[in-house]
Amino acid sequence: MKIIGSGLIGNAFKERTIIDSIYPVILFASGVSNSSETNPKSFLREKKLLESILETKKRSEKLVYFSTLSIYDKHKKEAAYIKHKQNIEEVIHQKSQNYLIIRVPNIIGKGGNPNTLLNYLVAAVKGKREIKIFKNAYRNFIDVEDLVKLIEELLISDAYNTTIDLLHPVSYSMLEVINYIEKHINTISNSVYLEQGYNYFPLSNLSINSIFEMSNVNIRKNYLSQILKKYY
């Protein structure tokens, strides 16, 4: 497996070699990770790197690219990050003959960007900082180690030239997320709750749910609690 990138996702795959004996894979995990990014140079850098890989990629090599489930959020459709991800997906559709686009939710692991949602919320609750919470907004999470298992299962099943919404079967309202964090660190947050937000995630897909089951990923409601205990 050829891994492009050394961030949270790229590093998680470096010790895994199960796919190498099946067929060659290029795992593209070197992109803009901050969903609040607005600098065009950052987006252009990722696009040029991807296009250079597509130009030299062999037909037998499967490209795995990580996009985002936030594409479905109608309130973010004009965001530079979302437009960038849509643009990259289209580039892959047009220029690659062997690919797998994985739209992921919030990926959680050790370290990573301190500005990611869960890192930010845990720090804010611990620090008793005021945070505004949209009670009716929903978020979805996947442990990066589970992501590795899920991608391996998809590659073994030879998923081909398709875009997959890798949605964990359990999503959480932001009210639930804060409650889980408060319980985990045994403190009450300084939260201001607003009656806003909605669940933009697509409907649960039985075939994707079966991938979670085959990968032995916890699909029960306590999944978020499990992640908090593991990484926080």
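Readers should treat all values here as calculations from the given coordinates under stated rules, not as data from a laboratory. In this text the structure is predicted, and so the values were computed from the model without any measurement. Cβ coordinates were reconstructed from backbone atoms using ideal geometry, including for glycine residues, and neighbour counts include every protein chain displayed.
Among I151, L194, I178, flag the residue with its Cα farthest along the positive direction of the charge dipole of the stretch 135-221, charges on Cβ as +1 for Lys/Arg and -1 for Asp/Glu. Positive-most Cα among the choices belongs to L194. The residue list I88, G111, I101 was ranked by how far each Cα lies along the charge dipole of the stretch 86-135 toward its positive end, using unit charges on Cβ atoms, and G111 comes out on top. Give the shape of the stretch 77-121 as rounded, prolate or oblate, defined through the alpha-carbon gyration tensor: a ≥ b ≥ c are the square roots of its eigenvalues, a/c under 1.5 means rounded, and otherwise the shape is prolate if a/b is larger than b/c and oblate if not. Oblate shape, in that a/c is at least 1.5 and b/c is the bigger or equal ratio. If the label point is 7 Å along Cα→Cβ of E130, which residues in the stretch 173-193 have backbone nitrogen under 15 Å from it? Counting backbone N atoms under 15 Å from the label point, the list is 189-193. Just so you know, the averaged projected area of the alpha carbon convex hull for the stretch 1-101 sits at 6.5 nm². Dividing the convex hull volume of the alpha carbon atoms of the chain by its residue count gives 121 Å³ per residue. Most simply put, the chain has about 5% antiparallel DSSP beta bridges, counting only bridges with both residues inside it.
Computed from phi, the 3J(HN,Hα) profile of the stretch 72-79 under the Karplus parametrisation 6.51, -1.76, 1.60 (θ = phi - 60°) reads 7, 7, 5, 7, 10, 5, 9, 5 Hz, with x in place of Gly and Pro. Taking the Cα centre of the stretch 2-231 as origin and assigning +1 to Lys and Arg Cβ atoms and -1 to Asp and Glu Cβ atoms, the resulting dipole is close to 520 debye. Spin-label model, L194/K77: points 7 Å from Cα along the beta carbon direction are separated by 2.1 nm.
First measure r as the distance between the Cβ atoms of Y120 and E90, then evaluate 1/(1 + (r/R0)^6) with R0 = 22 Å and state the FRET efficiency to the nearest 0.05.
According to the calculation, E is roughly 0.10.
Between K47 and T187, the simple label model (points 7 Å from Cα in the Cβ direction) yields a spacing of 4.3 nm.
Suppose only helical runs count, i.e. DSSP H with n ≥ 4. What mean residue ellipticity at 222 nm does that imply for the chain under -39500 (n - 2.57) per run, divided by all residues and rounded to the nearest 500 deg cm²/dmol?
About -12000 deg cm²/dmol.
Helix 40-56 axis versus longest C-alpha principal axis of the chain: approximately 30°, rounded to the nearest ten. Each residue of the stretch 169-185 was assigned a 3J(HN,Hα) from its phi angle through the Karplus curve 6.51 cos²θ - 1.76 cosθ + 1.60 (θ = phi - 60°); the sequence is x, 10, 10, 10, 5, 5, 4, 5, 4, 4, 4, 5, 5, 4, 5, 5, 9 Hz, with glycine and proline shown as x. What do you get for the angle between helix 144-156 and the principal long axis of the chain? Use alpha-carbon atoms, 0 to 90 degrees, nearest ten. Roughly 30 degrees, rounded to the nearest 10.
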